[in-house]
Amino acid sequence: MKTDRTEKSEAPKRVGRRTREATLHGIPIAPGVAIGAVYDTSEPPAEAPRRTIAPGAAEEERGRLAAAVALSRKQVTKLKNRLSILPEEAQEELEPLLDAYGLMLRDSRLLRGARRRIAEELLAAETAVQDEAEAIAATILAARDDDKAGLRRRAGEVREIARRLTRNLTATPFRSLKDVPQGAILVAEELTPADAALLDPTRIAGVATDEGGADGHTAIMLRALGIPSVLGCHGLSEAARRGDEAVLDGGLGTVVLRPGAEALETGRAALAAYAKEKARLAKLRRLPSITLDGEEVELQANLEIPAELPLIAQAGAQGIGLLRTEFLFMNREDLPDEDAQFEAYSQIVGPLAGDGVTIRVLDWGGEKDIQALADGVETYHSGPNPALGLRGVRMLLKRPELLEAQFAAILRVATQGPVRVLLPMVTVPEEVAQAREIYERVARRLRRKGTPLPERLPPLGVMIETPGAALAADAIALEADFFAIGTNDLAMYTLAVDRAETEVAHLYDPLHPAVLRLVQFATEAALRLRMPVSVCGEMAGNPRLVPLLLGLGLRTLSMNASAIPRVKQMVRSLKIDDCARFARRVMEQSDPKRIQELVMEFGEAAA
Ligand code: PEP
Ligand code: MG
């Protein structure tokens, strides 16, 4: 038999893998239960169309291949690092397999052959990888060996690594999303916010991924869509196979693959209980959001994509406290111009019939990578720490034409209903002053052209989402008309923990005393000036945290629409005096764990 030695050594024995019931634990993201067949996006052969390259492009193509190999290696290492949390028998089966993948991604006939095909046959990297993998698989399968199953397995492994490389080379793992069968549970290694925005909640019963953090934008998008979801579920995509039955509980953060009769029964009971609870909460829609001692608390919705509008009405939101305009810029290759933005905002402001809409100007950067912008501002964004780079208002001030178009579209829509304008990622008062100058200049230009605008310009507010902004809130307040406290980024930047990174998800804690002190400082700075202040981070949608936020003086909370009924239920069970006393007690603590305990105890008692 003539096979490459490397490939031969890559033939671990695998028995019984992916056949037994397996329960995997991740981060609970969006509540709800799904029972359905797994649709694993990493399963399909990621066959890219055959492509050739120009004679001078071979070097560049090899560079693409090298980058895809590096990424694939990183993915395999990550999977290996996380093996320890899988059941023992799964570890035993997966470890040699991942070792073999690792070897194949170092120096193997597959890589050597692909590189050669690029140079000699002028093939695109993905075509070269596919061709070489098929050639190797054919050689393996033609070998004279009695262990036919072993040969098939080894050929399969070469193809598997080729698929991973192709996926990474073409970076289109979710092109197949339109084929997801009705009622399926989508399983992926990772889902970007832009991918999540494409999901159809009427089609997809649940989502589970290996990667992701609790307050990343993918999580926010999934909550907004109301799809039961679990992220950060290590080892999932390796353990799952397309077509496997699964029970996903987005409230508990569990995925049971290939459930036995008992697990299925538990899942069905949870599904029924969840539906009953939803119907009960729906009855709260018409009731006022008012504490037992008569204090009104305004509950607004965050909106990430227009498809959520009906949900917002159903939830009984008092307007939109945060319209993330990134949706307009995602999944397209060009930038929306002023008219396109005006149309999009009209479709949101108009139907809200007088309820306010707070429109945040583009918060591009960090994990919200938008291709059309990336092409134009690549040199700025590709620094080592995109989250600390040209994000939010920083990028807009560098590209004022983007800000001008967005301000103009918002100002034009302001005649259709009350709007406010919000600046993301501010750290110094000067940024607000500069943005205001542009804002007023755009308004003057529109007026000169005879465009109808409201007599008083809509308020211009600031996201308080960095420790710098929170600690300078008194100075920033002098430039701003209102504050919206973004606890997601505030926690990320305060604790130096990426909100979307699975590896450090255990350190991400909006209840850390450092974060709470910043929230308190910023809130008090606003209240002293009688300036409107709200919280629009994910914290606001967690009913257990509501007593603390009210106790700190907040009266406006903006959250994903589906959280409103539960938060309202909590508001209606509280007295403001109790909340204030409770907040004082919490703010005396310096131990994050103790704060967690106090919050849980108080929330439990109030619920
Ligand atoms: C926040 O950071 O808390 C926030 C609301 O903004 P985003 O989640 O869009 O970054
Ligand atoms: Mg933010």
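The values are calculated or read from the model by the stated rules, or taken from the named source; none is laboratory data. The structure presented is a predicted model; accordingly, all values stated were derived computationally and were not measured. Counting neighbours? That spans all protein chains shown, and the Cβs are built from the backbone with ideal geometry, glycine included.
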Checklist entry - Does Q314 meet the test of being farther than 30 Å from G235 by Cα, more than 16 Å from ligand 1 (Cβ to nearest atom), at pLDDT 95 or above and out of contact with any Gly (no Cβ under 8 Å at 6 or more places or on another chain)? => result no
Next on the checklist: Looking only at segment 185-228, filter to residues that are within 12 Å of ligand 1 (Cβ to nearest atom) and not aliphatic (A, V, I, L, M); which one of those is farthest from the chain's Cα centre (by Cα)?
Outcome noted: R223
Checklist outcome for this item: Taking segment 422-431 and keeping residues away from ligand 2 (no atom under 16 Å from the Cβ) and surrounded by 17 or more Cβ atoms within 10 Å (Cβ to Cβ) leaves P429
Checklist entry - Do we find a residue being touching a strand residue (DSSP E or B) at 6+ places or on another chain (Cβ under 8 Å), among the charged types (D, E, K, R) and away from ligand 1 (no atom under 16 Å from the Cβ) anywhere in segment 564-575? => result yes
Next on the checklist: Please list, ordered by residue number, the helices (runs of 4 or more DSSP H) wholly in segment 420-504 having 1 or more residues that are within 20 Å of the chain's Cα centre (by Cα), within 12 Å of ligand 1 (Cβ to nearest atom) and within 20 Å of G321 (Cβ to Cβ).
Outcome noted: 487-495
Next on the checklist: Here are the criteria: (1) within 29 Å of D355 (Cα to Cα); (2) more than 16 Å from ligand 2 (Cβ to nearest atom); (3) in contact (Cβ under 8 Å) with a residue 12 or more places away in the chain. Tell me which single one G392 does not satisfy.
Outcome noted: (2)
Checklist entry - Out of all the residues in segment 461-481, is one or more surrounded by fewer than 23 Cβ atoms within 10 Å (Cβ to Cβ), touching a strand residue (DSSP E or B) at 6+ places or on another chain (Cβ under 7 Å) and touching a residue at least 60 places away in the same chain (Cβ under 8 Å)? => result yes
Item to check | Subset of segment 505-532 (residues that are over 25 Å from R555 (Cα atoms) and without any contact (Cβ under 8 Å) to a residue 12 or more places away in the chain) | outcome: H506
Checklist outcome for this item: Within segment 301-317, residues crowded, with 20+ Cβ neighbours inside 10 Å and not acidic (D, E) come out as A301, N302, L303, I312, A315, A317
Next on the checklist: Return the residues of segment 322-351 that are of a type in the set (A, V, I, L, M), within 16 Å of ligand 1 (Cβ to nearest atom) and free of Cβ contacts under 8 Å to residues at least 60 places away in the same chain; say none if nothing qualifies.
Outcome noted: L323, L328
Checklist entry - When you scan segment 253-325 for strands (runs of 3 or more DSSP E) that lie fully inside it, which ones turn up with 1 or more residues that are out of contact with any Lys or Arg (no Cβ under 6 Å at 6 or more places or on another chain) and in the same structural domain as L423 (by TED's automatic domain parsing)? => result 298-303, 320-324
Checklist entry - Quick one: is V158 crowded, with 23+ Cβ neighbours inside 10 Å and not assigned by TED's automatic domain parsing to the domain that holds G32? => result yes
Next on the checklist: Six or more apart or on different chains, Cβ atoms under 8 Å: show the pairs whose first residue is in segment 271-298 and under 15 Å from P543 (Cβ atoms) and whose second is part of a strand (DSSP E or B).
Outcome noted: S289/E296; S289/E298; S289/L299; V297/I290; V297/T556; V297/L557
Next on the checklist: Quick check on my filter: what residues within segment 307-350 are within 18 Å of R412 (Cβ to Cβ) and within 24 Å of the chain's Cα centre (by Cα)?
Outcome noted: I320, L323, T325, L328, L335, P336, Q341, A344, Y345, I348
Checklist outcome for this item: Subset of segment 496-523, residues acidic (D, E) and crowded, with 18+ Cβ neighbours inside 10 Å, comes to D498, D509
Checklist outcome for this item: Restricted to segment 379-393 and to residues being within 12 Å of ligand 1 (Cβ to nearest atom) and part of a loop (DSSP other than H, G, I, E, B), the residue modelled with the highest pLDDT is G392
